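Step one of this worksheet: look at the structure below.
The values are calculated or read from the model by the stated rules, or taken from the named source; none is laboratory data. Fair warning: this is a prediction, and the values are worked out from it, not measured in the lab. Ideal geometry is used to build each Cβ from the backbone, glycine not excepted, and the neighbour counts take in all protein chains shown. For accessibility, only protein heavy atoms count, side chains too; no ligands or nucleic acids. Shrake-Rupley method; radii C 1.70, N 1.55, O 1.52, S 1.80 Å.
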Amino acid sequence: MVTLSSVDELQTTEEALEKIKDSYPELFKKLLHVVGLTRAFQFKYQYMGCLIMDEDASEFTPEFVMPSVISLYKEEVQKLKDDQNIHILQKTFADYETIGYAKISMLVLGQSPESLLGASYIK
């Protein structure tokens, strides 16, 4: 997914994620875990975001990956979704959907908004 973001949008998104980190540390910890798994498995962040947001993820489902790995990944995403405060995260994802799940994930991992400026293509 190609997204074009302004520094203001990215900074606002970063601030929203910081609020989650401060106010809901367990939720943020679970999100960080899922983002890390997504990166480690080299899955598309769009796939992760679709699963979290209960959107159709079929277009982004990893190909040529053992079903057991997909199952394990989905279990970890479900642990995040089972958090009592998941609605907070889902609202944040919805509020900043124009940023894209990839850039949101990069902010979760600690990248600066300035490093994500302009058009980028992150799966």
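In the neighborhood of ASP8, defined by Cβ-to-Cβ distances under 11 Å, what is the net charge if each Lys or Arg adds +1 and each Asp or Glu adds -1?
Neighbour charge sum, excluding ASP8 itself: -3.
Please tell me which of these pairs span more than 19 angstrom C-alpha to C-alpha: LYS21/LYS74; LYS19/LYS44; LYS21/LYS81? Walk me through the intermediate numbers first.
Working: LYS21/LYS74 23 Å; LYS19/LYS44 25 Å; LYS21/LYS81 16 Å.
Check vs 19 Å cut-off fails for LYS21/LYS74; LYS19/LYS44.
Rounded to a whole number, what % of the accessible area of the chain do carbon and sulfur atoms account for, probe 1.4 Å?
Whole-percent figure for carbon plus sulfur exposure: 53.
For every helix of n ≥ 4 consecutive DSSP H residues, a contribution of -39,500 (n - 2.57) applies; sum these over the chain, divide by its total residues, and give [θ] at 222 nm rounded to the nearest 500 deg cm²/dmol.
-19000 deg cm²/dmol
Mind checking which of PHE28, VAL7, PHE64 is farthest towards the positive end of the chain's charge dipole, using Cβ charges of +1 (Lys, Arg) and -1 (Asp, Glu) about the Cα centre?
It is PHE64, whose Cα lies furthest towards the positive end.
Taking N as the number of residues in the chain, what is its alpha-carbon radius of gyration divided by 2.2 N^0.38 Å?
Dividing the Cα Rg of the chain by 2.2 N^0.38 Å gives 1.00.
Give me the 1.4 Å probe accessible area per residue for region 37-123, excluding ligands and nucleic acids, in Å². Walk me through the numbers on the way to the answer.
Numbers: 4820 Å² over 87 residues.
Ligands and nucleic acids excluded, the result is 55 Å² per residue.
What does the charge count around GLU114 come to, taking other residues whose C-beta lies under 13 Å from its C-beta (Lys +1, Arg +1, Asp -1, Glu -1)?
Values: positive: LYS103; negative: ASP8, GLU9, GLU14.
Value of the local net charge: -2.
Just tell me which aspartates and glutamates come within less than 14 Å, Cα to Cα, of LYS29; anything on the same chain fewer than 8 places away is out.
GLU18, GLU76, ASP82, ASP83
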